[in-house]
Structures are given as C-alpha cells and as structure tokens.
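Each reported figure results from applying straightforward, stated rules to the coordinates on display, with no laboratory input. Predicted, not measured: the structure shown is a model, and the values here were computed from it. A quick note on method: Cβ atoms are made from the backbone with ideal geometry, for glycine too, and the neighbour counts reach across all protein chains shown.
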Amino acid sequence: MSKSSFEELLCKIKPRLLRKNTKMRMAIPTEELRYLASGNSLTDIEEMYSVGQPTAGNIVRRVCTVIWDIMKEECIPIPTTEKWYEIVKCFETRAHFPHCIGAVDGKHIIIIRLYRSGSLFFNYKHYFSILLLALADSNYQFVCVDVGSYGKDSDCSIFKNSSLWTALVQHSRHS
C-alpha cells in the first residue's frame, strides 16, 4: 500500500479508532496502524507496544472491522437493478455467455487454528482456513463478497449460506 493510500484510508477510519490515554497506559496512535499495510507479524505489535497476543489480535480485528464498515459501500456497493442488467449485458457481449450475473468462486484463507474450534476450520487441503466467496463481473471486479465460512464447508454450502443467496431467494419470492 502506498503512503498516500494509507493516509487517505487513515483519514477515513481514524475518528472511529481514536482511543484516549489513561493513567494506566498510553493509547496506541492510529498512525501505527501501518502494520496492516506493512506485512509485519502480530508478534511485532506485541513487542513494539508491550501488549499481549489477545490484545494485538483484538486491535487488528477492530481495525479490519472498521475498514470494512466504512469502505464497503465505496468499494463494493450493493448493485442496483440497472447494475445487474449491465453485468449481464457485459457477460453476453464480452464472453458470449448470456443470462450470467457473475462468476462465483471461493478461496481458502489460511488461519491459525482457533481455540476450541475442533475441525470446523480444517479443510480438505489439510490446513485451517476461513473461506472467502466472491462474485465478480466480466471486468474481474468484485460485485459481492462473503467472508467467514468454515474451512470444512463446500462451495455449494458456502453459497447457500451467503448473503448473496439470501438476497437472490428473497428477490425471487417477491417477483
């Protein structure tokens, strides 16, 4: 991530991440969130700020949640009816694939085994993961994403448990 991109993102998320200093500890400055852009490990955060592993993990989780909450509408807005028709038209003209609303696929994201998760996150590739399910248009741009399914789940069950499936089923009931 470039410095200018990081600073632009930081300006958007900073108000929701600001913490106050207390008598017990100094708050970690929001500028130090560059961890997410640098590729450092959680151990680096633990050592740099003298915090435990759970605290470092909570910080990263909170930052990721805030980034998603603030940026999702800008980066992956909910498609309008017109946008769906545009996607279908592009698939038909570009790929000669009529009546297609997108290309869907899943990706295993490697994770460290979660405490007391049993085999829920253990996948057929023999490692622990969560799944990212994405729908892309004919320009390879995300239209919809769903993250967090268990690594053990199949593509079909992930799709049937996704927000996209729910929206499609609800829309077909109202049509």
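Miscellaneous remarks
- Multiplying the residue separation of Leu18 and Ala136 by 0.36 nm and subtracting their alpha-carbon distance yields 39.0 nm.
- With Cα atoms, 0 to 90° folded angle of helix 53-75 axis to the chain main axis: 40 degrees
- Within the same chain, aspartates and glutamates fewer than 8 places from Lys152 are excluded, and of the rest, those with a Cα less than 17 Å from its Cα are Asp105.
- Plainly put, segment 98-174 has a radius of gyration that is 1.05 times its Kirkwood radius, both from alpha-carbon atoms, as the Rg/Rh ratio.
- Cα-projected label distance for Ala95 with Ser157, points at 7 Å along beta-carbon direction, nm: 2.7 nm
- What separates the Cα centres of segment 80-99 and segment 117-148 is a distance of 24 Å.
- Straight Cα distances below 29 angstrom link Lys12 to the lysines Lys3, Lys20, Lys23, Lys72, Lys83, Lys107, with same-chain residues fewer than 8 positions distant left out.
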